[in-house]
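Novice: Quick one: the structure is below, and I'll ask about it shortly.
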Amino acid sequence: MDQTLEDTWLRVARAVAKAENRKNADPWQQIFYDLLSGFQFLPGGRILAGAGTDHAVTLFNCFVMPIHEDSLTGIFDALKEGAFTLQQGGGVGYDFSILRPTGFAAKQSGAVASGPVSFMRIWNAMCATMESSGARRGAMMGVLRCDHPDIEEFISAKADPAELRHFNVSVLISDAFMDAVKEDREWELIFPVETEDNLSDTVLRHWNSAEPVACRVIRRVSARGLWQQIIKSAYDYAEPGVLFEGTMNRQNNLWYREWISATNPCGEIPLPSYGACNLGAINLTQFVVHPYSDKAAVNWQGLEKTTSLGVRFLDNVIDISRYPLDMQRQEAYATRRIGLGITGLADMLMMMGIQYGTTPSLVFSEKLIKFITEATWHASIELAKERGVFPGFHAHRYMQGHFVQRMPQEIGQLIEKHGIRNSHHNTIAPTGTISLLANNVSNGIEPIFSAQYERTVREANGQLTSFKVTDYALRLWQELNPSQTLPPAWMDTSLLTPEQHIQVQAAIQPYIDNAISKTITIPEHFPFEKLQTIYTQAYEVGLKGCTIFRPNPTTGAVLQSIRSDQETDRCCQ
């Protein structure tokens with residue numbers, strides 16, 4: 001049992017260094033310890049909790065799981081695999097579109113199908129049971145295609161405060177649907193045909209497959225009407241989010257070996273069946289020199305070094321982690337996906353005198369993430385020279401990928417010569433817990449929520465505890481300037497427009513080969529009419545997904561602003 005934070009750093013560093021050559025393990029243990037203890041690099045929560053322990057847990061935050069067939073055997077086999085994964089601490093995502101619509105006849109029994117949402121309730125109950133038995137609080141993503149006949153039930157499912165509370169839900173949006181919305185056409189709700197079906201009214205669509213399949217048209221609805229339902233539900237209940245299927249697959253580095261139709265629970269890692277990814281974030285606040293002064297600058301050399309070490313650290317995690325299922329281990333080893341991200345962007349901007357959401361912040365953020373991305377890919381190439389390429393690497397096809405072709409020519413030439421160790425590299429995850437651990441730096445690429453606020457966290461015993469906290473960069477400013485309340489570049493969520501949220505995400509997305517978890521936070525009284533174009537803008541600027549959050553009676557809020565005269569804790573306990 002760790003008694004101090006230093007004990008945790010030492011335990012994790014020792015465990016991760018075991019993946020190194022035996023004679024180099026001790027030096028690497030010290031290097032990783034220094035990386036962690038300086039708060040420069042923050043491993044994902046699963047790594048911090050599990051690395052170096054005797055617990056039968058995985059070090060991977062993220063999994064996507066398949067439902068192999070629409071049968072009781074297929075469904076309950078998938079349920080069992082999900083339970084094993086949740087038991088070991090992994091979050092899971094599913095595309096439930098394989099399940100036949102409500103009212104369809106079952107293949108063998110002739111009974112009437114109850115539809116995807118009904119089976120999601122079984123997953124939800126399983127997840128609640130796992131949590132009550134002492135397992136980590138379960139996190140799941142439920143996805144349904146925009147052309148599934150039960151899509152309207154899915155969209156409204158979480159309007160009930162008691163429904164599917166262990167799920168985040170997202171609609172898988174196709175390019176064809178967005179075209180239909182733009183042109184105000186009817187939209188076909190469909191399901192793949194079977195051999196005995198009447199094929200007189202069919203369309204060809206992707207259905208968790210790279211090649212389109214024949215689908216029977218069940219009914220037709222207004223595309224814009226359905227789009228409005230999605231947006232209105234998100235406005236009222238903060239869900240569903242949207243995932244853009246075409247963009248995810250066009251930009252997938254492994255386009256030649258997989259089709260993606262789901263993500264992990266928070267949406268930052270699109271994954272194929274049994275796909276897995278481990279996470280870590282660079283704490284940007286530790287790379288600002290002379291903050292809040294005319295000499296404020298980025299320590300680019302230190303940032304590059306930390307990025308390179310972070311890549312090696314996460315690649316090592318693949319080799320030391322447990323895997324709930326053998327198929328997950330096989331997929332992780334075949335692709336060696338990692339998710340190296342950042343946290344503290346808003347704090348970094350403020351410390352450098354740049355206001356979040358402004359044009360200068362977009363220019364700076366693009367420069368920053370481009371630098372980190374290129375350093376990440378260089379580090380992965382160096383690892384390939386040392387350790388070999390990921391087994392699923394196919395040089396010619398990999399180099400044809402849309403994302404890879406946008407990389408600098410020098411990186412492309414190095415990949416052709418040496419290969420690359422990891423198929424995917426960068427992500428932006430919601431770093432809530434680890435950012436709190438690092439003295440409450442701003443979360444991921446999110447703006448600062450408020451000057452002082454109350455944060456609710458779940459304790460090990462399941463109870464919810466609220467902490468009054470102040471942002472890291474704001475505390476630093478107040479220490480340097482005791483007589484001034486807020487720094488000149490102050491910006492928080494109450495001052496941002498949805499368009500500014502989109503612009504920040506759009507500036508960063510071209511350099512992220514996984515995806516971005518980012519929430520457009522809007523105040524409770526924000527007019528619905530102003531929100532209607534946001535999801536469309538998200539698609540048009542090339543995002544892989546979009547989520548909004550407006551405080552509402554159904555979901556409440558994890559963060560609550562408090563008055564400036566209320567006492568706040570200095571940092572997390």
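Novice: Test of understanding: what is the full-extension gain from Leu495 to Glu410, defined as 0.36 nm times their sequence separation minus their Cα-Cα distance? Don't skip to the end; give the middle numbers.
Specialist: Values: separation 85, 0.36 × 85 = 30.60 nm, distance 4.11 nm.
In short, 26.5 nm is gained.
Novice: Hey, another quick one. What aspartates and glutamates sit close enough to Lys158 to cross-link, taking a C-alpha to C-alpha distance under 15 Å and skipping anything fewer than 8 places away on the same chain?
Specialist: Straight-line reach from Lys158, under 15 Å: Asp150, Asp236, Glu239.
Novice: What is the sum of charges, Lys and Arg at +1 and Asp and Glu at -1, for the other residues whose Cβ falls under 13 Å from the Cβ of Gly419?
Specialist: Around Gly419, the charge tally is +3.
Novice: Cα gyration tensor of segment 67-121, axes a ≥ b ≥ c as square roots of the eigenvalues: rounded (a/c below 1.5), prolate (a/b > b/c) or oblate? Mind showing how you got there, number by number?
Specialist: On the way: a/c = 2.94, a/b = 2.13, b/c = 1.38.
Prolate shape, in that a/c is at least 1.5 and a/b is the bigger ratio.
Novice: Report D for segment 411-495 in µm² per second (integer): Stokes-Einstein, Kirkwood Rh on Cα pairs, 4 °C, 1.567 mPa s. Can you show the working numbers first?
Specialist: Numbers: Rh = 16.0 Å.
The diffusion coefficient I find is 81 µm²/s.
Novice: Also: Which aspartates and glutamates, if any, have their Cα less than 12 Å from the Cα of Lys182, not counting same-chain residues under 8 positions apart?
Specialist: Filter leaves Glu540.
Novice: Evaluate the Debye formula for segment 230-343 with equal point scatterers sitting on the alpha carbons, no solvent, and hand back log10 of I(q)/I(0) at q = 0.12 Å⁻¹, in q order, two decimals.
Specialist: Debye output, listed in q order: -0.63.
Novice: Using Cα pairs closer than 8 Å and at least 6 residues apart in sequence, work out the relative contact order for segment 165-303, in percent. Walk me through the numbers before you get to the answer.
Specialist: Numbers: 161 pairs, mean separation 31.7, N = 139.
Worked out over segment 165-303, it gives 23 percent.
Novice: State, in angstrom, two size descriptors of segment 289-328 derived from its alpha carbons: Rg to one decimal place and Dmax to the nearest whole number.
Specialist: Final numbers for Rg and Dmax: 17.6, 55 Å.
Novice: For segment 1-82, what value does the Rg/Rh ratio take when both radii are computed over Cα atoms and Rh is the Kirkwood radius, given to two decimals? Intermediate values should be presented prior to the final figure.
Specialist: Details: Rg = 17.6 Å, Rh = 14.9 Å.
Across segment 1-82, the Cα-based Rg/Rh ratio is 1.19.
Novice: Among 447-456, 354-363, 253-262, how do they line up by average Cβ neighbours within 10 Å per residue, starting with the highest?
Specialist: Details: 447-456: 19.9, 354-363: 18.1, 253-262: 21.6.
The packing order, highest mean first, is 253-262, 447-456, 354-363.
Novice: Can you flag which of Lys385/Lys518; Lys305/Lys367; Lys18/Lys305; Lys18/Lys80; Lys18/Lys367 are past 29 Å Cα-Cα? Could you put the intermediate results ahead of the total?
Specialist: Working: Lys385/Lys518 34 Å; Lys305/Lys367 17 Å; Lys18/Lys305 21 Å; Lys18/Lys80 32 Å; Lys18/Lys367 35 Å.
Table pairs above 29 Å Cα-Cα are Lys385/Lys518; Lys18/Lys80; Lys18/Lys367.
Novice: Give the residue from Thr285, Ser209, Asn440 lying farthest towards the positive end of the charge dipole for the chain; charges sit on Cβ (+1 for Lys and Arg, -1 for Asp and Glu) and the dipole is referred to the Cα centre.
Specialist: Value computed over the given set: Thr285.
Novice: Relative to the Cα centre, what is the charge dipole magnitude of the chain, using +1 at the beta carbon of each Lys and Arg, -1 at the beta carbon of each Asp and Glu, and rounding to the nearest 20 debye? Could the numbers behind the result be given before it?
Specialist: Numbers: 50 positive and 62 negative charges, 189 e Å.
Once rounded to the nearest 20, the dipole reads 900 debye.
Novice: Rounded, prolate or oblate: which fits segment 1-47 when a ≥ b ≥ c are the square roots of the eigenvalues of the alpha-carbon gyration tensor, with rounded for a/c under 1.5 and prolate only if a/b beats b/c? Don't jump to the answer; show the numbers that get you there.
Specialist: Numbers: a/c = 1.75, a/b = 1.58, b/c = 1.11.
Here segment 1-47 falls in the prolate category.
Novice: Which of the peptides 82-94, 166-178, 264-276 is most tightly packed, and how do the rest follow, going by the mean number of other Cβ atoms within 10 Å of each residue? Before the final figure, lay out each step's value.
Specialist: Working: 82-94: 24.1, 166-178: 22.5, 264-276: 26.8.
Packing order, densest peptide first, comes out as 264-276, 82-94, 166-178.
Novice: Let me ask something else. Projected area of segment 153-276, taken from the Cα convex hull and averaged over every viewing direction, in nm²?
Specialist: Working: hull surface 36.7 nm².
Taking a quarter of the hull surface, the average projection is 9.2 nm².
Novice: I'd like the distance separating the alpha-carbon centroids of segment 150-164 and segment 41-72, in whole Å.
Specialist: 27
Novice: Counting Lys +1, Arg +1, Asp -1, Glu -1, what net charge surrounds Gly38 among other residues with beta carbon under 13 Å of its beta carbon?
Specialist: On the way: positive: Lys305; negative: Glu6, Asp34.
Computed value for this residue: -1.
Novice: Then there is this: Give me the angle, in degrees from 0 to 90, between the Cα long axis of helix 409-418 and the longest principal axis of the Cα atoms of the chain, rounded to the nearest 10.
Specialist: On a 0 to 90 degree scale, this one is about 80.
Novice: Also: Which percentage, to the nearest 5, of the DSSP beta bridges contained in the chain is antiparallel? Walk me through the numbers on the way to the answer.
Specialist: On the way: 34 of 64 bridges.
If I count the DSSP bridges inside the chain, around 55 percent turn out antiparallel.
Novice: Quick check on the chain: helices-only [θ] at 222 nm, where DSSP H runs of length 4 and up contribute -39,500 (n - 2.57) each and the sum goes over total residues. Nearest 500, please. Working shown, then result.
Specialist: Values: 20 runs with 219 residues, N = 573.
That calculation yields -11500 deg cm²/dmol at 222 nm.
Novice: With charges only on Cβ, +1 for K and R and -1 for D and E, what is the dipole size of segment 188-266 about its Cα centre, in debye, rounded to 20?
Specialist: On the way: 8 positive and 10 negative charges, 64 e Å.
Computed charge dipole of segment 188-266: roughly 300 debye.
Novice: Let me ask something additional. Write down the percent of antiparallel bridges among all DSSP beta bridges whose residues are both part of segment 276-372, to the nearest 5.
Specialist: Details: 2 of 8 bridges.
Close to 25 percent.
Novice: Here's another thing I want to ask about it. Output the relative contact order of the chain, whole-number percent, from Cα pairs under 8 angstrom with separation of 6+ residues. Can you show the working numbers first?
Specialist: Details: 1135 pairs, mean separation 86.2, N = 573.
Dividing the mean separation by the residue count of the chain yields 15 percent.
Novice: Quick check: residue separation of Asn21 and Lys232 times 0.36 nm, minus the Cα distance between them. What number comes out in nm?
Specialist: Details: separation 211, 0.36 × 211 = 75.96 nm, distance 5.49 nm.
Result for the pair: 70.5 nm of gain on full extension.
Novice: Now a separate question. Once you have the Cα-Cα distance between Asp2 and Lys468, take 0.36 nm times their residue separation minus that, and quote the gain in nm to one decimal.
Specialist: On the way: separation 466, 0.36 × 466 = 167.76 nm, distance 2.54 nm.
The span from Asp2 to Lys468 would gain 165.2 nm if fully extended.
Novice: What ranking do 335-342, 286-293 get when scored by the average of other Cβ atoms within 10 Å per residue, highest first? List each step's numbers first, then the result.
Specialist: Numbers: 335-342: 27.9, 286-293: 16.9.
Ranked from most to least packed, the peptides come out as 335-342, 286-293.
Novice: Which shape class applies to segment 64-215: rounded if a/c is under 1.5, otherwise prolate when a/b exceeds b/c and oblate if not, where a ≥ b ≥ c are the square roots of the Cα gyration tensor eigenvalues?
Specialist: Prolate, since a/c reaches 1.5 and a/b exceeds b/c.
Novice: Tally Lys and Arg at +1 and Asp and Glu at -1 over the other residues with C-beta under 13 Å from the C-beta of Arg387: what net charge comes out? Can you show the working numbers first?
Specialist: Numbers: positive: Arg312, Arg336, Lys385, Arg421; negative: Glu20, Asp315, Asp319, Glu382, Glu386.
With Lys, Arg at +1 and Asp, Glu at -1, the neighbours total -1.
Throughout, read-outs are computed from the coordinates displayed, never taken from laboratory work. These figures come from a predicted structure and were not determined experimentally. Because the Cβ atoms are built from the backbone with ideal geometry, glycine has one as well, and the counts that use them run over all protein chains shown.
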